[in-house]
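All remarks here apply to the structure that follows.
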Amino acid sequence: MQKHLSDGELRAALDGELDAKFLPHLETCTSCQMRQQQLQEKQREAGRLLAFFNPAEQTVPPAQKAWRRLSQKIMLQKEISMTKKWFSFPLVRFGFAALALLTLFLAFPGSRAWAGEFLNLFRVQQVQVVSVDFTGLEQLTGDGTLGNRFTEMIGDSVDMQQEPSEPVSVASAEEASELAGFEVRIPEGMTPSQINVTSGAAFTFTVDRAKSQALLDEAGRGDLVLPESVDGAEILVNIPSAVSVGFGTCPTPGSEVSGNTEQSTTESRYPDCVIFAQIPSPNVNAPADLDIEALAQIGLEFTGMSAEEAQAFTSTVDWTSTLIVPIPQNASVNEQVAVDGVTGTLVQRSSEASQFVLLWAKDGILYAISGLGTNAEQAVNMANSLP
Amino acid sequence: MIGSMKRLKAESAQKESSSLEFERLFMEHWASVYRVLHRLVGDPAEAEDLALEAFLRLYHETEKQKTDGMNAGGWLYRVATRLGLHSIRSWKRREHYELTAGRYALEESEQASPAEILAQQEERGQVRLVLSRMNERQSQLLVLRHSGLSYKEIAEALNLEPGSIGPLLVRAEREFEKQYRALAQEE
C-alpha cells in the first residue's frame, strides 16, 4: 500500500498542483482526505486574509508612459556616470586642471592669425555652459568597442610633454601659492580642511582625420563631416598647476571614492564637503588655418544640438576667451550670478543626485566651487567673501 | 579595417536588438509586476516607483551579463516583492501607511460603505505588517501564491524546487497565522 501523503502534498492537492501519481491514493484514502479537510480549515483564515493579493480588476498605469519614465531614469543614470567622469570627479581629484581639458574640442581659439604660425590666443575671461546630450559622449567614453577605440585614438594622438602630478597636500594657502605659482585665495573667515596642489600638464594633440571620422561614423553620426584641412593639425595645450581647497569632510584626493561609488553614497559620506578649485587659464595653441568654429559646430551637433542651434551658438561665442563647460541636458539648471566682482555661472543639478558648481573667471584665473546637495547659496557666499 | 567596421556594425546591431528585447520584456511584464506591488504596498505611486526600480535593476542585470535562458518574469517577481517588503519595513509611522492605503481604497471602491472599507483596509494594513516582519522568503512565497502564480512560476522566481512549494506554503501560512494572532493581541 502506498504511504500517506504529507501535509505539503495535501496542500498542493488543495491548489490543484499535486503530482498526478498521488491522486489515486488521495481518492481512496479516507485518512488523507480527513487530514486534507483539517488542513483546509486551518488554511482558510490565512487564505481569506491574503485573498486581496489575487489580481482582480485593477487600474494599471499605462505601459508606454511608464516606459518613458524608465527610459529617463536609465538616461539619468548614464548622465550621472558621465558627470562623474567628466565633471565632478576631475573637480574633486585633480582640481580644475582636468576640467580645463574639456575645452580641447569645444573651446579652441578662433582662426584668425597668420598663416604658418601658431596662435596663442586662448585666455579665459568668461565661462559659458552648454547643455549637451551625453548619450554620444557616453558611447565614446564607455567600456564598449567605441569607447576603447576612442581611448586608443587619443592615446595615439597625444604626446604628453608634461604629466600632471598626483595631488600634493600642503598646509597653508601661502605654501600652495608658492608651489602653484599664483596667489591662492581663501574665503575670509573659513578654515580649509585640506589644500592640494596638482602640477600642470602639457601635451600636443595631432589630429588624425580618418580615425576621428571613422569614430563619428560608427557613433551613427556620419552626417557630421570633419574638414579635410584638420588632418595632421598639431594642437598644443598647456595647463598650469591647479589648487584644490576642501572645506568640511572631503574625500582624500587620489582615493577612488568619487569615481567608483554611487552618488548617493558619496553624498551621505561627505554631506558638508565643498571644493574650491583655482587654476590660471590654460593655453591652447593651434595652427592658424584650423577651422575651429567648424570643429566646434561638429562637437555641438554631436552632443545634441541641431545644425541651426550649433551655428547660432558658435557665432555668439568668443572662442578666444570663453571656457565652454558641457552640462547634462534635462538634468541641470544654470543661472548667471554676480560674484567676486564679475558675472559667474551657477550650475545646479537638482534631480536624484543633487550637486552644484559655481564657475567664474577673474584676472586670468578660473575658479570653481562645487559641492554635493542643494545648498548652492553657500558657494555664492564663499565667492563673495574672497579677499 | 573593413573587418573591424563589420564587427562594430554587428555589435551595434546586437545592442539595438538587446534594447528592443528589453522593451519587449517591459511591455510583457509591466502590468503584472505593478499589480503585485500595488497589492503589497497599497499606494499606487509607491507601487509604480518600485516597479520601475525593479525594471531598472533588470536593465543593469541584462547589461552585466547575457540573459539568454534567464527567466525575466521570475527574476522581476523576486526583486519586486523584495523591494515591496523592504518598502513596508521602512515606513516609520505605521499609521501614516495605513491611512494612505485606506485613502486609495476609498477611491477604488464603489460599493462598500466607508466604514466597511476602512475596516478592510485596517485588516490589510495588519497583513502587510505581518508580511514585513516574517522571513522574507516565506513572505514572498505567500504574496506570489496568493497573487495567482503557479507552483512552477513561484519555484522559478524564488529558485526553489517545484516539489518543495507545497510544504513551504504550509509552513509559511502557519507562521503567518501565528504572527497575525500575535499582532492582534498586541493591540
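Bear in mind that the values in this text are calculations on the coordinates, not laboratory data. What you see is a predicted model; the values in this text were computed from it and never measured. All Cβ positions, glycine included, derive from the backbone under ideal geometry; neighbour counts span all protein chains shown.
Computed from label points 7 Å out along Cα-Cβ, the spacing between A:Ser315 and B:Glu122 is 7.2 nm. For the residue pairs A:Lys65/B:Lys64; A:Lys73/B:Lys64; A:Lys73/A:Lys211; A:Lys73/B:Lys152; A:Lys21/B:Lys178, the alpha carbons lie more than 28 Å apart in A:Lys73/A:Lys211; A:Lys73/B:Lys152; A:Lys21/B:Lys178. Segment A:Asn283..A:Glu308, full-extension length gain: 6.1 nm, with 0.36 nm per residue of separation and the alpha-carbon distance subtracted. The calculated FRET efficiency for A:Asp291 paired with A:Ala338, based on their beta-carbon distance and R0 = 30 Å, is about 0.25. For every other residue with a beta carbon closer than 11 angstrom to the beta carbon of A:Leu39, add +1 if it is Lys or Arg and -1 if Asp or Glu, then tell me the sum. It works out to a net charge of +1. What is the list of residues in the range B:139-159 whose amide nitrogen lies under 20 Å from a point 7 angstrom out from the Cα of A:Lys21, following Cα to Cβ? Under cut-off, by backbone N: B:151-152. Taking the Cβ of B:Leu37 as the centre, find all other residues whose Cβ is under 10 Å away and add up their charges (Lys, Arg: +1; Asp, Glu: -1). Net local charge, B:Leu37 excluded: -3.
Here r is the Cβ-Cβ distance between A:Thr30 and B:Glu177 and R0 is 35 Å; the resulting FRET efficiency, rounded to 0.05, is 0.85. Per residue of peptide A:5-17, the mean number of Cβ atoms on other chains within 10 Å of the residue Cβ is 5.
Modelled spin labels at A:Glu178 and A:Gln37, positioned 7 Å past Cα toward Cβ, are 9.8 nm from each other. What the Kirkwood sum gives for the range A:179-251 is a hydrodynamic radius of 16.2 Å, with every pair of different alpha carbons counted.
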